[in-house]
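The values are calculated or read from the model by the stated rules, or taken from the named source; none is laboratory data. Quantities reported herein were computed from a predicted structural model and do not represent experimental measurements. A quick note on method: Cβ atoms are made from the backbone with ideal geometry, for glycine too, and the neighbour counts reach across all protein chains shown. The accessibility values were calculated without ligands, DNA or RNA, using every heavy atom of the protein model including side chains. Shrake-Rupley method; radii C 1.70, N 1.55, O 1.52, S 1.80 Å.
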Amino acid sequence: MDRGRESRWEKDAMTVEIGFALVTAVALAAAVFAVPLALTLVFDLSDAASEGVRTAGALTGAAAGVWRLVRVLWRFDVERRKGL
């Protein structure tokens, strides 16, 4: 067997895993951002405070999304290497 190349199955599995990582990362980022957005809509905050909360929520959501993306792909790579 050719150990230097990835099989078609391995390439397909990697493509599916990347898609899963992207979708779950976007969903997590949106969920994290939705919390401070809801808070700004529910409570009567000043414009500056509202903007600050939304900015913090966007940064936190982006960080959570990147964390999820890296974590899923890292786990996939570890499991793939165990199988070799």
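Could you do me a favour and compute the accessible area per residue for the chain, 1.4 Å probe, result in Å²?
That works out to 77 Å² per residue.
Please report the net charge: other residues with Cβ closer than 13 Å to the Cβ of R80, K and R +1, D and E -1.
-2
Compactness ratio of the chain: Cα Rg over 2.2 N^0.38 Å, N = residue count?
Normalised by 2.2 N^0.38 Å, the Cα Rg of the chain equals 1.60.
Can you give the net charge of the other residues whose Cβ lies under 12 Å from the Cβ of T40, counting K and R as +1 and D and E as -1?
Cβ neighbours under 12 Å give a net charge of -2.
Taking a point 7 angstrom from the Cα of I18 along the C-beta vector, which residues in the range 43-68 have backbone N less than 18 Å away?
Correct set: 66-68.
Tabulate in residue order the Karplus-calculated ³J(HN,Hα) for the range 34-50, using 6.51 cos²θ - 1.76 cosθ + 1.60 with θ = phi - 60°, rounded to whole Hz; enter x for Gly and Pro.
Calculated HN-Hα couplings, in order: 5, 5, x, 5, 5, 5, 5, 7, 6, 8, 7, 9, 5, 4, 5, 5, 4 Hz.
Note down the relative contact order for the chain as a percent, whole number, built from C-alpha pairs under 8 angstrom at least six residues apart.
After rounding, I find 40 percent.
Summing +1 for each Lys or Arg and -1 for each Asp or Glu, what net charge is found among the other residues whose Cβ lies under 13 Å from the Cβ of L28?
So the environment of L28 carries a net charge of +2.
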